[in-house]
Structure formats: structure tokens, C-alpha cells
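Take a look at the structure below.
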Amino acid sequence: MMTLDDLHTLCSEECRRLLDELADCDPLKVALNRRIPHAGVIATQLKYRQRARYKLPSYHRAGCILPPRAFEQASSEAAAATKGLAGERLLDLTAGLGVDSFHFSRSFREVVALERDPVLAEVTRENMRRLGVGNVRVVCASAEEYLAHCEERFDWVYADPDRRSASGQKLVRLEDCSPDVVALRPLIERIAPRLCLKNSPLFDVDEAFRYFPEAQVEVLSVGDECKEVIIRTGEPVPSLRVEAVGLGHLEVPLSERNSAPSEGEFVPEKYRWLILPDVALQKARLVCHHLRPQAFVASENGFGFSQEKPRGILGRTMEIAEIAEYKPKAVKRDLKGLSAEIWKRDFGLSIEEIRRATGLRPGADLRLAFTKIGGKNWIIRLK
């Protein structure tokens, strides 16, 4: 954990110069170099600054200070930029490294960011200065303490609760996280009409509607990896939203959500295109709803199959060379010695078990997909 002494060291001109000079060096080698002052502190910062190039590019360019735990828990900038909140004033109950507050500063006149850890609060103040942000006020206080005495009004309250226990165990239930937004909700509603709550990617969307029946619930993915489940209250119509960064979005009123699979028999020779639905669609259980107008889809966890190349799909499309029944001995004989990139949906074996059964090595000789539809196992050869 970063201390105030570490922070003061990192703010010195000597350390700032060293971090710039050593920007592309191996942090382990820096840590072991006895000629470098404060080598351990410098090496740790180098490690996280190098990772910030992709996760927090603005922080990387500004040379921000990155405490390890705060960095690991922070939203990526790609995720933070999608929140879509705007207004005059926002209260961030859980500032942490301040990534969300930084992005909110662009769409609010003022952001009040709470951070209960005094060292991290100082880090976030310093980082806002380096980022050139003047409308984020960092307050060192817990959410419970601040809300109990708050007489101000805000357009939005935002929270990204800590989802780890004191022993490091992952927490999913809202009541177990810190702060407990469920318990604090009356205090939140006293000062703001709308709440935006970021949750773990493991959080169930139907559970979200149980807590907040009138909300918009959004599943956010980046690079086909589920990152967040976001709850926004104060929406006119309860809805389920998918945001696949770089691909697009889909919003469905909760009353219109339809998870029924395609009707009729699966006729493999009809299909020329395979669709790999984005993970956010699967998480939101909107695969059937999204794909059915253009494709055959057997389940919420399955692939889509289309006769024509689909348009506007949240997912990846690949051209089919052949679909055949899966017979492992025949595959092992016909594809002996070859390597393959493998996808699977609704299939009883893991990818490793498929490789053992067929003798296919990891690699790029072939692209294959495996699935089960209509009680039969299928192997799909892709172009």
C-alpha cells in the first residue's frame, strides 16, 4: 500500500525525471539496480505506468501517480467514457483513483469525489492537477459520513462499491459491498433524483431489477470481455441495455425482452455465416432477441447461423466452409497433425477436452467451431 512518504517521493523532481528516463525499462531490472534512488518505488510506478498505456492512456500521458491496488480496481478509460451521465453537479461516492470522476468532469460543471483513504485522496488530487482538471473536488470522507451530513443537491450520485472483503474475498451481493448502497439509498434519494451504480461483471441482470425495478440495467463489454453491469435509476421506462465498445449498443424495454430461440429444424446446409454473439449479449440474455431477425439461434448461449452476411450485429461474423456432425475419430483421422483455433457454444466438452479427443493442436491451420443443436453435436469448419 502506498504511504504519504511514497507519494512525496514520487512528487519530487528527481523521481519524476527518473520515471521519464526509465519509461520503457524492465521494472524488475530497475528494482534490482542499487544505483537508482528509491528503486523499489520507481519500479512499481514503472510497472503500472506501462500498463496504463492501454487501460488509462490519459493518466499515462499526464504522468499520473498509480497506487497498485487503486489501479487494479479502477475502471478502464474505455469503460468510464461510456457512462453517458451529464448535468450540473455529480457526487461520486467511491472516487478511488478518480478515473470515473475524471470522465464525469467533462459533462458536469462540478464533481465532488469522496475517497475515505487519506493517501489515495491526496494521490487523486495530485492526478487531477496533472490531468488539468479543475472542476473535481476531492473530499477525504466515507460515503456514510458525507451523506449523513450532506445538505447539498446533486443531479446524479455515482457509486462503484468495493467488492472485496477485508480478507480479499470477492463479493457480489450489493449489501455486502462497501459502501452498502442499498442501505444508503434513502440518504442518496434525499440529495439527488438519480443514481448510477457500477457492479461486478458477475452481477446478474435480473438481480439488478429485483433491487431497482424501475431502472435501466446496462451490460458493458470491451473486446468481447464483460467489464461492468451498470444500474441507472430515474429512467422513464425500465430497460435492458448492451454496450459493446467498438461494436455498438442495443436497448430493449424490459417488457419487450424476448429470449425465445428460433423455431423450426436446424438445416446446416442452408447457412453460410456463423455469428459469435458478443459476451455482453450473452450476459444480458439478449442473444435470441438480437439475432432472431437475421439468423437461426438455438439458445441464449449459442451461435447464430445466417444465410446472408448479417448487418449491424453485436458480435463477430465468420464465413462457413462446412457444417458436419461431430465424430471425434473421423476428425482425428482427417485432420491429423493440424492445428486449429477453436470456439464452442452449448457443447459438452471444454476446448482442452476437444483437443485431446481430436488431436488438434493450438494454432492457426484451421478455424473450427463446435456446438450442440437438436440433440446432435456439430463441427463447423470456417473459411
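For region 325-338, how many residues are open to solvent by 70 Å² or more (accessible area, probe 1.4 Å) and not in a loop (DSSP other than H, G, I, E, B)?
Residues meeting the conditions: 5.
Listed by first and then second residue, the pairs linking a residue in region 104-118 that is under 11 Å from E88 (Cα atoms) to a residue that is part of a helix (DSSP H, G or I), with Cβ atoms under 6 Å apart and 6 or more places separating them unless they lie on different chains, are V111/S101; V111/F104. No other residue among E322, E341, E308 is touching a Lys or Arg at 6+ places or on another chain (Cβ under 8 Å), part of a loop (DSSP other than H, G, I, E, B) and within 30 Å of G246 (Cα to Cα) apart from E308. Every condition in (1) touching a Phe, Trp or Tyr at 6+ places or on another chain (Cβ under 9 Å); (2) modelled with pLDDT under 95; (3) in a loop (DSSP other than H, G, I, E, B) is met by V182 except one, and the failing one is (3). Looking across region 117-167, just one residue is assigned to a helix (DSSP H, G or I), touching a Gly at 6+ places or on another chain (Cβ under 8 Å), among the hydrophobic types (A, V, I, L, M, F, W, C) and over 19 Å from M1 (Cα atoms), and that is M128.
Considering the conditions (1) part of a helix (DSSP H, G or I); (2) touching a helix residue (DSSP H, G or I) at 6+ places or on another chain (Cβ under 6 Å); (3) surrounded by 15 or more Cβ atoms within 10 Å (Cβ to Cβ), S101 is excluded by exactly one of them, (2). Scanning region 209-242 for residues that are open to solvent by 10 Å² or more (accessible area, probe 1.4 Å), of a type in the set (D, E, K, R), in contact with a helix residue (DSSP H, G or I) (Cβ under 7 Å, 6 or more places away or on another chain) and in a strand (DSSP E or B) yields a count of 2. A single entry from R49, R137, R130, R106 fulfils the requirement of being among the basic types (K, R) and buried (at least 18 other Cβ atoms within 10 Å of the Cβ): R49. Mind listing whichever residues of region 9-46 are open to solvent by less than 30 Å² (accessible area, probe 1.4 Å), over 24 Å from E122 (Cβ atoms) and either in contact with a Gly (Cβ under 6 Å, 6 or more places away or on another chain) or in a helix (DSSP H, G or I) (or both)? The one that is open to solvent by less than 30 Å² (accessible area, probe 1.4 Å), over 24 Å from E122 (Cβ atoms) and either in contact with a Gly (Cβ under 6 Å, 6 or more places away or on another chain) or in a helix (DSSP H, G or I) (or both): V30. Among the residues of region 1-27, those that are among the hydrophobic types (A, V, I, L, M, F, W, C) and over 14 Å from R49 (Cα atoms) comprise M1, M2, L4, L7, C11. Counting just the residues of region 54-82 that are closer than 19 Å to E225 by Cα and assigned to a loop (DSSP other than H, G, I, E, B), which one comes out most open to solvent (accessible area, probe 1.4 Å)? Per the criteria, the residue is A81. The set of residues in region 50-85 that are free of Cβ contacts under 8 Å to residues at least 60 places away in the same chain and over 18 Å from the mean Cα position of the chain (by Cα) comprises Q50, H60, R61, L66.
The values are calculated or read from the model by the stated rules, or taken from the named source; none is laboratory data. Because the structure is a prediction, the values reported are computed rather than measured. Every residue, glycine as well, gets a Cβ built from its backbone with ideal geometry; the counts of neighbours run over all protein chains shown. With ligands, DNA and RNA removed, areas are computed over all heavy atoms of the protein, side chains included. Shrake-Rupley method; radii C 1.70, N 1.55, O 1.52, S 1.80 Å.
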